[in-house]
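Below is one structure; the comments refer to it alone.
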Amino acid sequence: MKLIPERLRRRRSDPDQDGTMSLVDHLSELRYRLIVSVVAIGVGAIVGWFLFDPVLDLLLDPYCDYLKTVPPQSRVTQECALFFSGALEPLIIKLKLVGFLGLFIALPVVLYELWAFIVPGLTRRERRMAIPFVVCSMALFILGALIAYWTLPKALGFLLGFAGTQLTSLLTADKFLSFVMLVALSFGLAFELPIVLSFLLAVGVVSTRQLRDWRRGAILGIALFAAIITPSSDPYTMLAMTIPMVLFYEGAIIVGRLMKR
């Protein structure tokens with residue numbers, strides 16, 4: 001039994017693709033790309049299962065750094081520890097983190113499948129940009145996740161200390177790790193802005209003149225985007241996202257000029 005339809009295998013290896021496909025072919029192609037991505041994430045999750053303990057220690061470091069600034073009498077425990085409140089919660093926590101690691105590990109495959117799905121609408125020259133697209137997207141996602149990780153101690157200090165010393169935090173592992181993963185994911189996605197803008201410039205959807213004319217509105221939009229997408233909405237996290245995105249926007253204008261768009 002053939003797992004991959006013949007037309008998909010022909011399409012993926014056909015160098016003379018003219019970019020026209022029927023609706024059924026588009027849906028079949030989308031299904032194939034989704035299956036490959038899901039399988040890659042599953043394999044990544046298997047690898048992530050064995051990385052759970054060291055990654056958990058790494059994600060706990062920002063909270064431990066924050067806890068050192070809290071007076072001993074205001075701490076629930078003297079050790080850096082999170083809590084859980086249900087019998088199934090440890091399993092759910094591990095599955096969540098393993099799933100996130102699976103997505104992170106499989107990201108190059110997912111990005112490539114995304115690029116391969118939109119290839120029919122591009123010229124042959126633009127199809128050769130697949131590897132640079134994947135590499136740059138992965139590098140920017142990792143950079144965003146690292147900056148998110150770097151801002152976490154400040155963000156936690158602002159959020160957990162907002163009510164003063166009369167109240168103390170009792171963080172559950174599920175909520176804390178979900179918060180950390182959402183922050184890392186939001187930064188990773190936000191840092192894909194230069195890839196999106198460069199792609200739009202390359203295919204002629206926008207021009208550098210338009211980006212210059214939209215500069216003020218774009219900066220305001222970026223600030224609003226950072227305020228909405230960041231789970232914490234604290235000033236440190238918002239600035240850490242807004243400033244690089246504005247610089248990426250300006251960088252896209254420079255890239256557009258070099259591309260003569």
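The values are calculated or read from the model by the stated rules, or taken from the named source; none is laboratory data. Not measured: the values here are computed from a predicted model. Here the Cβ is made from the backbone with ideal geometry for all residues, glycine too, and neighbour counts use every protein chain on show.
So is Ala202 more than 16 Å from Ala155 (Cα to Cα), out of contact with any Pro (no Cβ under 6 Å at 6 or more places or on another chain) and surrounded by 20 or more Cβ atoms within 10 Å (Cβ to Cβ) or not?
no
Restricting the first residue to the stretch 233-258 and requiring it to be farther than 12 Å from Leu197 by Cα, which pairs with a second residue that is hydrophobic (A, V, I, L, M, F, W, C) and not in a helix (DSSP H, G or I) meet a Cβ separation below 9 Å and a spacing of at least six or different chains?
That search, which allows pairs on different chains as well, returns Asp234/Phe162; Met241/Phe191; Pro244/Phe191.
Mind checking which pairs have a first residue in the stretch 124-144 that is under 14 Å from Val110 (Cα atoms) and a second that is modelled with pLDDT of 70 or more and of a type in the set (Ser, Thr, Tyr), Cβ under 8 Å, 6 or more apart or different chains?
Correct list of pairs: Ala130/Tyr112; Val134/Tyr112.
Against the conditions (1) touching a Phe, Trp or Tyr at 6+ places or on another chain (Cβ under 8 Å); (2) more than 18 Å from Ala139 (Cα to Cα), where does Ser169 fall short? Just the number, please.
(1)
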